[in-house]
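Engineer: Below you'll find the structure I mean.
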Amino acid sequence: VRFRAITTARHATIAFATVLAAHAAAYALVRVLPPTAQQVLGLAGWSPELRSGLEGARQTRDYGMILRDLARGDLGVSADGVPVRTELAASARSSIPRMLFALGLGFAAAFLAAWTAPARATVATSGWWFLTFFPPYGYSVLAATLVLLLTRGVPVPGGIPWLLCALSAAASPMALLAGQARTVMSFHLTAPHSTYLRANGVGEDRIRLLCLRNALAEMLPTMEKVIAGTLTGLVLAEFLLGLPGFGLLTFRTVRRSDAEMLGGIVLLFASLISLARFSAAMLAPSDQELR
Amino acid sequence: MKRWLLVGLVVATYVAVAASGRGVEWQAPSLQHPFGTDEYGRDALAVALLSALVSGAKGAVVAGLAVTFALGLAVARSWRTKSAVGAVIDAGLLIFDSVPLLLWLLVLIVAVPHPPTVLALGFSLGTLPFLTRVVAGELQRQWRQPFVSVARMSGASRLRVAFETVLPNALPVLRPVAIQVLGSAAAAEGLIGLVGVGNREQLGIGTMLIRGREHILIHPLILVAALLAIFLLFASLRALAGQPVAPSNRQVPSQ
């Protein structure tokens, strides 16, 4: 129990430190960027009034002050004069349900692929390989095209863009996870430990259940990264579909070089990724628990 | 034989396209141009075939670069468990991963004036955390396996065990990741195009995909041609690589 507590504390400390370091890195980057980035992104054409308004609204707190405010739970104020916390909460209300739905789809597909994997040495079918090969942002491009075609003069229910957005964010991680789950599971079903269980009269379903644990251990690093991948996919999908959420907020923030808002976004993204990593480290079965 | 046929088909397409000039833009499908022509007056099908060829070559180089970076870091991280180097690499990757990719891309676009270098570096940096963490996680897990201990006890060097036991056994997990990286690398220029940077006239399946979406109401066949190009690239790579072999058993180096 003591060892477990020390490991948990170590992982939690690492997660906290990396979240803060990511926040500092984003702050430094955005301070370097503004004028040239605005040119690159075509904001050079903005009217002088609009640009000076944007510059005037930008906060000029130094990093020490930002950290002090952060300790009090104050994330600052965006270039629009809206508290960063309010903006993030509004985007999270739109994006988190989509993200959870996309992740649920990915994990369900992986479970199904693993459960139905044949008990012989095999690799995933061409269909899965193609879905994995297809560029991840390509799904968002197709979803945005479909919405454009559907909305030509005909109002479509809001649920359709929502669903297409979640599906396009989930597609690539889902294909990766499912393809991997099928291959890994087949590998375990043909391994000596499964043969031993079969020889001892253990049922096929029970063997699959036991092998799932081994397969899960092999796939944990990918699962953890799939969460980051889904978040990135969601940012692109929301931006392309024009749906409110992290995607539009991130693009708008980077375009404006809004350091305060970007700090908040990075803090949130880093916390989500660190949380996924922390959970994966805690869930990983020890070698003694396997096989 | 099938492989050479594919290579022949691609080369013939290249020669045919190279010989043809530019015609009238936005032409409807005809016998001469089965997918019509694009906004530059080029045959859409020929552009799609050439894009598959160009993206395949570019993708292989970019994916190779990304995999080399990631494999190097993954080996350094998984060589010894609980090492300081591993902890530093882990923390660095996590910090890198937490900052939106868009911001890193902007930094690169601003810092490096050469678009192909931005593409290669941007893609390598963008996939580095994902690739390294997955590869290192799997290698580290393999190093702890009993059959690796057996291989070590049988006197095989650490390097030999790494190449003959650890890497082959890690393939079921690593192969799908490699496929995804290759597909993403082939279409990476489209991602940069989404930010609003890049040349729309250049050949590439990513650029074609973006153009297909932009012109869907004027000329839907551009998007169809882009999807065909992605499928052809996948089929060609699949034919060239052959059917992946399923791992049948844990491999231990022979004495």
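Engineer: Sorting B:ARG42, B:ARG133 on the 10 Å Cβ count, fewest up front, what's the list? List each step's numbers first, then the result.
Structural biologist: Working: B:ARG42 20, B:ARG133 25.
Arranged by neighbour count, lowest to highest, B:ARG42, B:ARG133 become B:ARG42, B:ARG133.
Engineer: Hey, can you grab everything whose amide H is under 5 Å from the amide H of B:GLU39? Only 5+ residues off in sequence or another chain; H modelled, so Pro and N-termini drop out.
Structural biologist: B:TRP26
Engineer: State, to one decimal in nm, how far the label point of B:GLU39 lies from the label point of A:PHE3, with both points 7 Å from Cα in the Cβ direction.
Structural biologist: 6.3 nm
Engineer: Hey, can you grab everything whose amide H is under 5 Å from the amide H of A:VAL77? Only 5+ residues off in sequence or another chain; H modelled, so Pro and N-termini drop out.
Structural biologist: Correct list: A:VAL84.
Engineer: Follow-up question, since we're still on this one. At 20 °C and 1.002 mPa s, grab the translational diffusion coefficient of segment B:107-207 from Stokes-Einstein with a Kirkwood Rh over Cα pairs, rounded to a whole number in µm² per second.
Structural biologist: Roughly 134 µm²/s, to the nearest whole number.
Engineer: Going by C-beta contacts inside 10 Å, put B:PHE231, B:PHE163 in order with the fewest on the left.
Structural biologist: With the sparsest Cβ surroundings first, the list reads B:PHE163, B:PHE231.
Engineer: Explain nothing, just compute: Karplus ³J(HN,Hα) = 6.51 cos²θ - 1.76 cosθ + 1.60, θ = phi - 60°, for every residue of segment A:13-23 in order, whole Hz, x for Gly and Pro.
Structural biologist: 3J(HN,Hα) across segment A:13-23, in whole Hz: 5, 4, 4, 5, 5, 6, 4, 5, 5, 5, 4.
Engineer: What is the magnitude of the charge dipole of segment B:142-225 about its Cα centre, with +1 placed on the Cβ of each Lys and Arg, -1 on the Cβ of each Asp and Glu, and no other charges, expressed in debye to the nearest 20?
Structural biologist: Numbers: 8 positive and 4 negative charges, 88 e Å.
It works out to roughly 420 debye.
Engineer: Further question on the same structure: From the backbone phi of segment A:245-253, what are the Karplus-calculated ³J(HN,Hα) couplings (6.51 cos²θ - 1.76 cosθ + 1.60, θ = phi - 60°) in whole Hz, Gly and Pro given as x?
Structural biologist: x, 4, x, 5, 4, 5, 4, 4, 5
Engineer: Also, I was wondering about something else. Please identify the chymotrypsin sites (Phe, Trp or Tyr not before Pro) of segment B:28-89 that satisfy two criteria: DSSP loop assignment and at most 16 other Cβ atoms within 10 Å. Which are they? Mind showing how you got there, number by number?
Structural biologist: Working: sites: B:PHE35, B:TYR40, B:PHE69, B:TRP79; in loops: B:PHE35, B:TYR40, B:TRP79.
Filter output for segment B:28-89: B:TYR40, B:TRP79.
Engineer: So, one more: For A:LEU142, A:LEU236, A:LEU210, A:LEU176, what ranking results if the residue with the fewest other Cβ atoms within 10 Å of its Cβ goes first?
Structural biologist: Ordered from fewest to most neighbouring Cβ atoms within 10 Å, A:LEU142, A:LEU236, A:LEU210, A:LEU176 come out as A:LEU210, A:LEU142, A:LEU236, A:LEU176.
Engineer: Just to confirm a number: summing +1 for Lys and Arg and -1 for Asp and Glu over residues other than A:ILE273 whose beta-carbon lies under 11 angstrom from that of A:ILE273, what do you get? Spell out each step's value before the answer.
Structural biologist: Values: positive: A:LYS225, A:ARG277, B:ARG133; negative: A:GLU224, B:ASP97.
Combined, the nearby Lys, Arg, Asp and Glu give +1.
Engineer: Short version: ³J(HN,Hα) in whole Hz for each residue of segment B:87-99, in order, from phi by Karplus 6.51 cos²θ - 1.76 cosθ + 1.60 (θ = phi - 60°), x for Gly and Pro, what are they?
Structural biologist: Along segment B:87-99, the couplings run 5, 5, 4, 4, 5, x, 5, 5, 5, 4, 5, 7, 8 Hz.
Engineer: Next question, about the same structure. Lys/Arg Cβ at +1, Asp/Glu Cβ at -1, dipole of segment A:192-262 taken about the Cα centre: which of A:GLY245, A:LEU197, A:LEU210 is farthest positive-ward?
Structural biologist: A:LEU197
Engineer: Same structure again: For peptide B:202-209, compute the average count of partner chain beta-carbon atoms within 10 Å of each residue's beta-carbon.
Structural biologist: Other-chain Cβ atoms within 10 Å of each residue's Cβ, averaged: 2.
Engineer: Quote to one decimal, in nm, the extra length available between A:VAL154 and A:ALA92 on full extension: 0.36 nm per residue of separation minus the C-alpha distance between them.
Structural biologist: 19.4 nm
FYI, it's all coordinate maths here, none of it is from the lab. None of these values were measured; they are calculated from a predicted model. Neighbour counts run over all protein chains shown; Cβ positions are idealised from the backbone, glycine included.
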